[in-house]
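Structure first, then comments.
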Amino acid sequence: MSRETVSQAEMGEKRTAPIRGMTVDRATFQQVSIEQLSLVNFFYGKNGAGKTSIARAIEADEGVEWSAGYGASDFVLHVFSQDFITDHFSSCGSLQGVFTVNKTNIEIQRRSEAKAAERRELQEEYSAVVAELRERQSAPAKLLASFQDECFRKTKDLRGDFSEALTGKKTKKNFAEALLGEEVPKKHDLVRLKRRCDTAFDQTAREYPLFARASAASSYGKLPGRDLLGQVVVSSSDTPFASFWKALNASDWVRSGHEHYGKQANGRCPYCSRELPAQFEAEITACFDEQYRQDIDSIARFRRAYEGETASIIRTLKGNLSDVLPSIDLTEYRAKLTLLERSIELNNQRLAEKLREPSKIVSLEDTDSLFIEIGNLIDSINREIRANNDVVRGRRASKEQCRADIMQHFAFLLYDDIERYLSEKSDLEYAAAECSRRAEQLKKRIRSTEAELARLNAQTVNTSDAMDAINRMLAESGFQGFRLRARAGMEHTYEVVRENGAVAENLSEGERSFIAFLYFYQMVCGSQRKGERRDKIVVIDDPVSGMDATSLYLVSGIVRRMIDCCRDSADGSEQRASGSLIRQIFILTHNVSFHREITYRQMQHYSTTSFYLIRKRGNRSAVKLCVRQRAGAPGEWENYNPVQSSYEALWEELRDVQTVNAAKNVMRRILSYYFLQICGYDSEALRKRLLETEENRQRFLVPSGDDRTDTANYEMALSLLSGIDGAGSMKDEPDYVEDTDDIDAYRRIFRLIFEALGQTQHYDMMMGTRPTV
């Protein structure tokens, strides 16, 4: 678990403060949460990190989370900042007065009290309206969540079918945003769209050849033999032999038999084997006239053309099936093709029959309508193939088009839900806007009332008391740079008098800040308006800018005094008297010296004090709560100061180090700095006092029985001490063989060294092992 993500329950409770947390959303902060605010809060950050933004947010009650039972109207907020200096310190040195009770005019006080009552009523009404506004402002989020759930539920199955086209829109939030951003809801053919999507997002998809159509023009339809199919074809010859065949109605039989067997008979009858007459061929030929022979030839040529062209058509149509787009349904195409083959086969049989029996009338099966139907199917199939090929050729554009089309279809399906959501959202926003308008009007009235109160109270200001208090504070602190006195002839105007008695002609930035802060302190701790018994919250933003060391020291002391007042009032040790109590204080600074002055010995007050580090990276500010687990006490937490000296950093490193060698190195540097440089030992004297005096020597020697002594602790101590000199550098160690990797053993010896030299309190303070408050 990281130090920055621990929960309040895991860290232990901080003392309840009026402001328990806040969310800063101004300047370089974007919805930055500040949690675990306590009674005393230190913020450290470089110039421009965002300290003033936090101070102004508190002053404006913007994003502030109040503890139960508290609100802004329950406290007097005092904010010291550059804005305060500008407002309260004019170029001529005029200071606004500090309010007191004993100088209040009775009539003015009565009017002030009435105006204060009016302000309280307005504040109560304002609080109620703000509570209503917060509820109304949260309603759109609830409506959006419901809309997101409904859209997700209604499109569950369809979203699954088009999952690849919904990249980036697979969460409720993103899907709903895409729906609301769709400007052209449109219904699409889902079958075709699914096919396009499958192709566009299929990395194995490829182009396929188009289906070929059968030739639209056929030669056999123009041959004269086609007309003869429906006619009786007979010979018109009247020879005696022909008349004999006609009488027997055997002309077709004779012709067919002669064609098949005439050349193979070898001059004999194929039926009776008798030798044929010499004139037999001539008589057979004479039986069939020229027209008859032409008709038979026409029928034969028609048959050959028909068979050849239909066979070519079938080959073409069957060839289409060799490489087909898998998504195409060929059921109907195959059925039509089979039907066409059967019709052509039947027609071929009928043509053969016509040639065998020319006198027989035959008709062909209709194939033209099948050709048309198959051609229409081919056109439809080719449209799908072209769509597939277009998608494959323009895969990236096709993906984008698929994504756009499916969202258009979803927007079409959910049109009523979208319109209903937008309408309800508009109503909620209108209601919230009206509530906000009322809140703003009340806020203006409160400001107007407060301005009137300020005008009334300005008439009862005792400025001489404030100046006397500031001069006493300067004198008691030993400050000799200047003093303040009333300017003759100018009411409520004061002069800065130098040590030599001359009036200062120009004040430095530091002097202006110093005087303004002294005045600010009088406002916080000096006096109040009669009947106004509200406690105070104090915010101090970089008060020592431009000050010299003396002024910085005095301001640090004043701030520490306010911190003590705040903590004492929380403990109940400071009784409420004529003035209000400081219930919470925020100090923000970039000055390291000032920060160290005011935070000295503050980390131990875990329950009442919080430390924060403000960082700014890439024009974004962030706030880190500075807490960590207490060393040697799992589950317990402590504050740590983000601003450390190099010596403190060594102790911080010691708490986290995990290897013996690294730990020994850090321990030696600490021993060298503290005992040699701070306490004044030299390295040899330190070693002798620890390891050679009888009292301390026995601390490191452990009896092990049989008159033997375990010297492991002694040798570890000698190893640590022998590696340092007065400059804090490392010397070569004596011949000592490291036989332990127990880092805890060295930690124990390190603590024992501090105990032996009477420095246990310093060890506990630096290791953070003392009980916290």
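Would you please give the FRET efficiency between E694 and E476, computed as 1/(1 + (r/R0)^6) with r the Cβ-Cβ distance and R0 = 51 Å, to the nearest 0.05? Calculated value: 0.45. Counting 0.36 nm for each residue step from S322 to R620 and taking away their Cα separation leaves a gain of 100.9 nm. With all protein chains in place and ligands, DNA and RNA left out, the 1.4 Å accessible area ranks V702, V559 as V702, V559, largest first. Structure shown: which of K142/K170; K14/K142; K156/K187 lie over 22 Å apart, alpha-carbon to alpha-carbon? Check vs 22 Å cut-off fails for K14/K142. With a 1.4 Å probe rolled over the protein heavy atoms of all chains, the accessible area of T28, T23 falls in the order T23, T28, largest first.
If packing is taken as the average count of other Cβ atoms within 10 Å, what order do 669-678, 341-350 fall into, highest mean first? Intermediate values should be presented prior to the final figure.
Working: 669-678: 18.7, 341-350: 15.5.
For the peptides 669-678, 341-350, the packing ranking is 669-678, 341-350.
Inter-label distance, D202 to S359: 6.3 nm, where each label sits 7 Å from its Cα along the C-beta direction.
With each label modelled as a point 7 angstrom along the Cα→C-beta vector, the A454-Q137 pair spans 2.4 nm. Here the gap between E118 and E440, fully extended at 0.36 nm per residue and compared with their Cα-Cα distance, gives a gain of 114.2 nm. Ligands, DNA and RNA left out, the 1.4 Å accessible surface of the range 658-724 is 41% carbon and sulfur atoms. Once the mean of 1/r is taken over each pair of separate Cα atoms and inverted, the range 304-387 shows a Kirkwood hydrodynamic radius of 14.3 Å.
Sorting E13, E511 by accessible area puts them as E13, E511; the probe is 1.4 Å, largest comes first, and only protein heavy atoms count. Under the rule a/c < 1.5 gives rounded, and otherwise a/b versus b/c splits prolate from oblate, where does the range 151-206 land using the Cα gyration tensor? Prolate.
Between the C-alpha center of the range 587-653 and that of the range 416-430 there is a gap of 48 Å.
The values are calculated or read from the model by the stated rules, or taken from the named source; none is laboratory data. Owing to the predicted nature of the structure, the values given are computational and were not obtained by experimental measurement. Ideal geometry is used to build each Cβ from the backbone, glycine not excepted, and the neighbour counts take in all protein chains shown. Heads up: the accessible areas ignore ligands, DNA and RNA and are worked out on the full protein's heavy atoms, side chains in. Shrake-Rupley method; radii C 1.70, N 1.55, O 1.52, S 1.80 Å.
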